[in-house]
1. Rounded, prolate or oblate for region 217-276? Axes are the square roots of the Cα gyration tensor eigenvalues, ordered a ≥ b ≥ c, and the cut-off for rounded is a/c under 1.5.
2. What distance in nm separates the two pseudo spin-label positions at GLN35 and HIS127, each 7 Å out from Cα along the beta-carbon direction?
3. What is the angle, in °, between the Cα long axis of helix 158-176 and the longest principal axis of the Cα atoms in the chain? Nearest 10 is fine, range 0 to 90.
4. Find how much the distance from HIS189 to ARG162 grows on full extension, using 0.36 nm per residue of separation minus their present alpha carbon separation; answer in nm with one decimal.
5. Please compute one quarter of the surface area of the Cα convex hull for region 4-275 and express it in square nanometres.
6. First check a/c for region 149-272, with a ≥ b ≥ c the square roots of the eigenvalues of its C-alpha gyration tensor; if it is under 1.5, answer rounded, and if not, answer prolate when a/b is larger than b/c or oblate otherwise.
7. Taking a label point 7 Å from the Cα of GLN19 along the Cα→Cβ vector, which residues of region 227-255 have an amide N closer than 15 Å to it?
8. In whole Hz, with x marking every Gly and Pro, tabulate ³J(HN,Hα) for region 196-211 from phi via Karplus 6.51 cos²θ - 1.76 cosθ + 1.60, θ = phi - 60°.
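Computed from the coordinates by the stated procedures, all read-outs in this text should not be read as laboratory data. Treat the numbers as computed from the prediction; the structure is a model and nothing was measured. So basically every Cβ, Gly included, is an ideal-geometry build from the backbone, and we count neighbours across all protein chains shown.
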Amino acid sequence: MTSTADAGQTGFTLDRFAQHPFYLEVNKRLVALTQLAKGQRVVDLGAGTGAVTKLIAQAVANDGAEVIAVEPSETAIEVAQRNLEEFRGAVVRFIEGGAEMLTQLVKKPVDAVFFCNAIHLVPEKDHVLHEIQQTLREDGTFSFNTSFYMGAEPPEAEQFYRKWMIKSLRVLKKEYGLSPDKTRAEARHRLTEDEYVALLLSNGFKVRDKEVVKVQMPLSGFEAISQYSLWIEGVLPGVPLEAGAHALTEGARLAFEELGITESPRNWLLVVASRA
């Protein structure tokens, strides 16, 4: 089982989760759907620790190819730089900053923008989509995926998610005497597929491709996401990261054990859009 001590060494980034085969496969699928061309200039928005950045760089690798990894976390950028330091074939630049200021960070138009596993975290989605639209060339593409939308938990997985949260809260209370701070819980509204499509259409995009991919996640995947700061803060607001990581990790293990399962499904929404 992943320990919280290990989590601290990676700064509670998404790095451990991003190394899982299922994560890489769902992002490979999005890159394939986008149909990038060699030598293109692409932005990886919310690049995290560079897992998708590398997939994009491999897809466009050629003379003149450039991948601009934009990420607000300095810690994540440091990990991404280490992960890609041996890569050759495309120029990879790292810029510290958020999606809401993309036009200030990337001045020249790009062929494509990716926003993987992060669009659900953005409160002002209209503003960010405008920033992306302004950064793209006229025929540019915007690709994103998310496993945090209405429909991400298949009906057959509802029992697991319910038990996971209940058991995590019990561990948190028993071992730390803590409970989430409900007053600090941001009501982060999860959109449906149709709402994401409507959002794109209203911001100057047309949907080119859309898929839902069901991923079977093993216990190690849930342990890994339990070590990620934004997940911890989202489901256990106000709880210190170390305590939250331990409670969620232990809660996932206990839920798997009680249900007698070795994996649980989760849906990923994949969308490729172009400027209308």
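1. It comes out oblate by the Cα gyration axes.
2. Those two pseudo-labels are separated by 3.5 nm.
3. 60 degrees
4. Details: separation 27, 0.36 × 27 = 9.72 nm, distance 1.86 nm.
Extra length from HIS189 to ARG162 when fully extended: 7.9 nm.
5. Values: hull surface 54.8 nm².
Here the figure is 13.7 nm², rounded to one decimal.
6. Oblate shape, in that a/c is at least 1.5 and b/c is the bigger or equal ratio.
7. Label zone hits: 227-228.
8. 5, 4, 4, 4, 5, 4, 6, 10, x, 10, 10, 6, 9, 9, 8, 9
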